[in-house]
Amino acid sequence: MPRIPTVELSRYLLTGHIASPGCLRARAALPGKNTRVALGGAPLPSRQLQPRQHARYLTTETSFANPSATTSSPAAAAPFRKQLKEQAKALKKSGHKKKKSSDNQTVPGWELTVGIEIHAQLNTAHKLFSPATTSFNDPPNTHVAPFDLALPGSQPLFQPATLIPAVRAALALNCSIQPVSRFDRKHYFHWDQPSGYQITQFYEPFAKDGFITLYARDGIAAEDGEEIKVGIKQVQMEQDTAKTTAQPGDVQWLDFNRVGVPLIEIITLPEIHHPATAAALVRKVQMVLASVDACVSGLEEGGLRADVNVSVRRTDDPSGKLGTRTEIKNLSSFKAVEDAIIAERDRQIELLEEGGEVKGETRGWSLGSTETRRLRGKEGEVDYRYMPDPDLGPVVIGEDLVARLRETMGVLPDQEADQLMERYNLSAKDALSLMLLDGGARIQYFYNVLDSLEERLVADGQAVPEGAEHATLAANWCLHELGKLTDSASSSSCSDPDVLEGLAMTPLGESPLVPSSSLAAILHHLYSRTITAKVAKDLLWAVYRGEIPEGGTTSYIDTHGLWFKELPEEEYAKLADEVIQGEEKILGEFLRWKQGKMKAYPQGKLMFLVGKMMRGGPEGRVEASGAERVLRRRIEEVYLPELEKGE
Ligand SMILES: Nc1ncnc2c1ncn2[C@@H]1O[C@H](COP(=O)(O)OP(=O)(O)OP(=O)(O)O)[C@@H](O)[C@H]1O
Ligand SMILES: [Mg+2]
Ligand SMILES: [Mg+2]
């Protein structure tokens, strides 16, 4: 399904038509190669394809200035290594087909129930009820309108463009969009909420009755089998609060830039029964929201916050009623979601087993802790004194807008993962890694590299290969070789601090440190076997260190004499003979395999000898696949017959 930038969608909201033929993420959705379908269905030539865009900011202005000039993504500010580590941990989980039940997922005799509330900052240019622009890294208190501070006489001014990411999110979560919804006031006093109430949707939310499907590959508990569907009760729009930063001596600093930033609250039904499944749900919601450009950044970057509601009941409880829930607020990592649920479940069970009772309350969780702590008693509906906001009219969402947003939804994570696996032969783990890394930008980087690689192959006079081999190569490098690069860069003694900053990936999938075209140039030569894998890796390092400018890869190879001059066949054979000398024990294993005494071919031993050939041969002239081919032939055609004769 084609996908268009959110700026275009907001233009649609304001003027009623889509002007651009921009068709994003088309590559993944297309049946054939090198044809791109525009919104109207007509094929676009390859070069007209816009990259899958992450337009981070909607705007209602008529001139669509570069949005990043006024605001910057919070994702970029997150320390890259931390982000990478957390993601790697998450992926370790999500990649495994099944989790072991020994992972503390169940307690005999008890059933855990979890319902989750997820708050996501919407990807919009303006606040929900004021024309102040949204900002995430700007100096505190620089994006504040009178209404945001509840100054006397100020009135809310609903910003209709905020509906676009909200409705896209709700559609992606399979909700039905309500034609009429309304805003309510939820009263409470706290310094982060100047008006004394938050404007939210309580009685009539804009979206209801959705669901999300989680698969084993998403990292759900083994007890949930291959697939589980969790109901979404509703999605509502509401205002964010001011950001509080605690200072020494009981002082709190407040940043009102965040007050009034539009949020959606996604509320699941209490249908989750295992901690790992709860964490998988939050991770999946994050991926879904990112895939429709609905939110600004992920859980670990602060753009998403999760509250978990936990209760337990005995499995033999005849009443069938759920236990009393407690709520743990503001969890900011997937691991925290799982760990906090486990700790709270165990606390409640212990309490009940001792004859006590669970009190409905709000609890907190800090990273690395082993128990939740009480924050306050649970406020009820009565405490909040919900009332319809008299200053705001109903929100009317037209069917045409819903239909248009549904049509232009783009590729959702399940479909994307399937396509990466089917089309490019990636494992589930690698597909999800590509999709999750860099807040969703790594996958775009992969598409950019792939486009550039295919253009180079075509320019070279080669047809774009039918098979997926070149794409699998590109995916592996975008994931593993780039990962190694940043890992070893951060642990090396390199003194240039810029080099330690990871890839500084932009939401459009470009890295100023390793431009996608530079990686494509390296892969082009590697794929065409004009350089060795070792040289390719060295080149990648040189690009990363800034020694090869964009567009300079080929001339660098020229000037440094790095082209692969492969050894002739007989030289390979000579080298193979040399490394086989004194390896009678290994040859013995090959013989046992040939005689059927050993089932599996001793590939490991073969590769050990290939390694010796690579090290022993002249620099840059031995290539692993050539060495393996000749070595295997020498062993099978020369050495084994000789050994057999001697037996
Ligand atoms: N017995 C229960 N055990 C576990 N979860 C529950 C239970 N009852 C309700 N829940 C979950 O608690 C959540 C309630 O969220 P909701 O936003 O409706 O109310 P709230 O927590 O009182 O509001 P807020 O925190 O926004 O002030 C839902 O996700 C629901 O599935
Ligand atoms: Mg809630
Ligand atoms: Mg709640």
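Here, each number is a calculation from the coordinates, and none is a lab measurement. These numbers come from a predicted model, not from an experiment. Here the Cβ positions follow ideal geometry from the backbone for every residue, glycine too, while neighbour counts run over all protein chains shown.
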Interchain or sequence-distant (5+) residues whose placed amide H lies within less than 5 Å of the amide H of L122 are L263, I264
Burial-style ranking of 246-257, 164-175, 301-312, average other-beta-carbon count within 10 Å with highest first, yields 164-175, 301-312, 246-257
Simple spin-label estimate for D418/A463, 7 Å along Cα→Cβ, in nm, reads 2.9 nm
Along segment 550-565, Karplus-curve 3J(HN,Hα) (6.51, -1.76, 1.60; θ = phi - 60°) to the nearest Hz, with x for Gly and Pro, reads 4, x, x, 4, 5, 5, 5, 4, 4, 5, 9, x, 9, 4, 7, 9
For segment 419-485 the GluC sites (Glu not before Pro) that pass both the DSSP coil test and the at-most-16 other-Cβ-within-10 Å test are E466
Residue by residue through segment 147-158, the couplings from Karplus 6.51 cos²θ - 1.76 cosθ + 1.60 with θ = phi - 60°, in Hz, x for Gly and Pro, are 5, 4, 9, 6, 5, x, x, 7, 10, x, 10, 4
Segment 413-559: relative contact order from alpha carbon pairs under 8 Å, six or more residues apart, as a whole percent, is 24 percent
Flagged as over-length at 22 Å C-alpha distance, from K233/K321; K284/K537; K284/K335; K537/K585; K574/K605; K186/K233, the pairs are K284/K537; K537/K585
Quick calc: nm separation of the 7 Å Cα→Cβ label points for T530 and M607 -> 2.9 nm
Low-density loop trypsin sites (Lys or Arg not before Pro), segment 337-370, at most 12 other Cβ within 10 Å, DSSP non-H/G/I/E/B, are K359
For D389, other-chain or 5+-apart residues with amide H closer than 5 Å (H placed, Pro excluded) are F183, D184, R185
Taking Cα pairs closer than 8 Å and at least 6 residues apart, the relative contact order of segment 569-646 in percent is 43 percent
To the nearest 0.05, the calculated FRET efficiency linking D316 and F211 through their beta-carbon distance, R0 being 25 Å, is 0.30
Once phi for every residue in segment 329-335 is put through the Karplus expression 6.51 cos²θ - 1.76 cosθ + 1.60 (θ = phi - 60°), the whole-Hz ³J(HN,Hα) values, with Gly and Pro written as x, are 8, 6, 7, 10, 8, 5, 5
For D184, D400, D138, ascending order of other Cβ atoms within 10 Å (fewest first) is D400, D138, D184
Two pseudo-spin positions, 7 Å from Cα along C-beta at E578 and at K565, lie apart in nanometres by 1.7 nm
For S625, S333, ascending order of other Cβ atoms within 10 Å (fewest first) is S625, S333
